[in-house]
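The values are calculated or read from the model by the stated rules, or taken from the named source; none is laboratory data. Note that the coordinates shown come from a computational prediction; the quantities given were computed from them, not determined experimentally. Quick reminder, even Gly has a Cβ in these numbers, built from the backbone with ideal geometry, and neighbours come from all protein chains shown. Please note that ligands, DNA and RNA were not included when accessible areas were found on the heavy atoms of the full protein model with its side chains. Shrake-Rupley method; radii C 1.70, N 1.55, O 1.52, S 1.80 Å.
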Protein chains: 2
Amino acid sequence: MNIGQASEASGVSAKMIRYYEEIGLIRPMGRTGNNYRVYGEEEVHVLRFIKRARNLGFSLEETETLLKLWQDQSRESAAVKDVATAHIADLERRIAEMQGMVKTLKHLAHCCGGDQRPNCPILDDLAGDAPAPTPRKKAKQPA
Amino acid sequence: MNIGQASEASGVSAKMIRYYEEIGLIRPMGRTGNNYRVYGEEEVHVLRFIKRARNLGFSLEETETLLKLWQDQSRESAAVKDVATAHIADLERRIAEMQGMVKTLKHLAHCCGGDQRPNCPILDDLAGDAPAPTPRKKAKQPA
DNA sequence: TGTGAAGCTTCCCATCATGGGAAGGTCAAG
DNA sequence: CTTGACCTTCCCATGATGGGAAGCTTCACA
């Protein structure tokens, strides 16, 4: 199987497969006489594992940890759970952060007329108590 | 006011102030004889505006749009509201995406013993139906 | 007046994960 | 033999930020 087929079968782009090899996430593949990389079912399984981990938001570093645990028959499931739990916490922190932004923005948007008039509480909030500055660029041909 | 004081007053790092100037988000500052950038109250207000927009998750590109609208006395508040609304939608999309990850991960973590035994539904899920591959690296001195 | 510390300048590099594209080798079908 | 679809490596770009070096200036203090 060439890299194109492995990409097709795993859902990981050929570009990324080469990159994962380069950073040591997957081992260097054997080559045929023409210097093409050769893949088998096992490599495709690994790539799919990586793909799924990425889809769950794990970083490549976390993915590498999970991959090693997967291969380690003597792993303790607690180690895996720790990685997952930490990742959940990180996701929840980021979700909360973004929810805070949404809450503020919705309030501001709600207060904004959204019409032809220039008055806008969104800009007022961003500006604090500051007056609008003088134009910076694309100066409209000064009189 | 030197860049250090402007940084202090605006909450934007000196590094970033120079970068914003480089990409044209803020106009190039005047220099003193010693080639130091000079800042006034107005520049600090602009930097604070940028800082607040960034805190609400707006990209630098969106921030530039908002900055221009702020300076445009003849703006229509609808234009501002549009930027904000699009940003809210984007945030909500990303939040939903991450919430989906959290949901899956919590389910998997719940099913995982998290003990000394190797059996782990989290890895099983990532692996799909695939068997664990042979070890990849850090080969433990083969017999 | 000297000196050291702190602050400024520019320039280059790193992050994280991914894509784009060029230049060139290879292969299979027509 | 040509054409097109692969493959290879190499370099560059993203977005926003930080780190750090090398070389200025400026200021405070002895």
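The table for this structure:
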quantity	calculated
Shortest-first nm distances, A:Arg117 label point to equivalent points in other copies (7 Å, Cα→Cβ)	6.8
Cβ-vector label at 7 Å, B:Gln5, separations to other copies in nm	7.0
Distance from the stretch A:82-133 to the stretch B:98-131 (C-alpha centre basis), Å	34
Exercise: per-residue mean of other protein chain Cβ atoms within 10 Å, B:42-50	4
Portion, in percent, of the accessible area of the protein assembly as shown that falls on carbon or sulfur, probe 1.4 Å	51
Hydrodynamic radius of chain B per Kirkwood, over alpha carbon pairs, in Å	20.1
Distance between modelled label sites at A:Ser59 and A:Asp82, nm, 7 Å Cα→Cβ extension	1.7
Label geometry 7 Å along the beta-carbon vector: A:Ser59 inter-copy distances in nm	2.3
Residue closest to axis [chain A; rotation mapping onto B; Cβ; Å]	A:Ile95, 3
Cβ neighbours within 10 Å from other chains - mean over B:78-87	6
Shielding of A:66-74 by partner chains, average beta-carbon count, 10 Å	5
Computed Rg/Rh of the stretch A:3-75, alpha carbon atoms with Kirkwood Rh	0.97
Listed pairs A:Lys51/A:Lys81; A:Lys106/B:Lys51; B:Lys81/B:Lys103; A:Lys103/B:Lys106 exceeding 22 Å between Cα atoms	B:Lys81/B:Lys103; A:Lys103/B:Lys106
Charge dipole (the protein assembly as shown, unit charges on Cβ, about Cα centre) - positive-most of A:His107, A:Gln73, A:Leu60	A:Leu60
Cα pair distances exceeding 24 angstrom across the protein assembly as shown, given as percent	65
Built amide H within the under 5 Å cut-off of B:Ile26, gap 5+	B:Glu21
Rounded to the nearest 20 debye, dipole of the stretch B:1-81 from Cβ charges on Lys, Arg, Asp, Glu	160
Burial order of peptide ranges A:53-60, A:120-127 (average beta-carbon count within 10 Å, highest first)	A:120-127, A:53-60
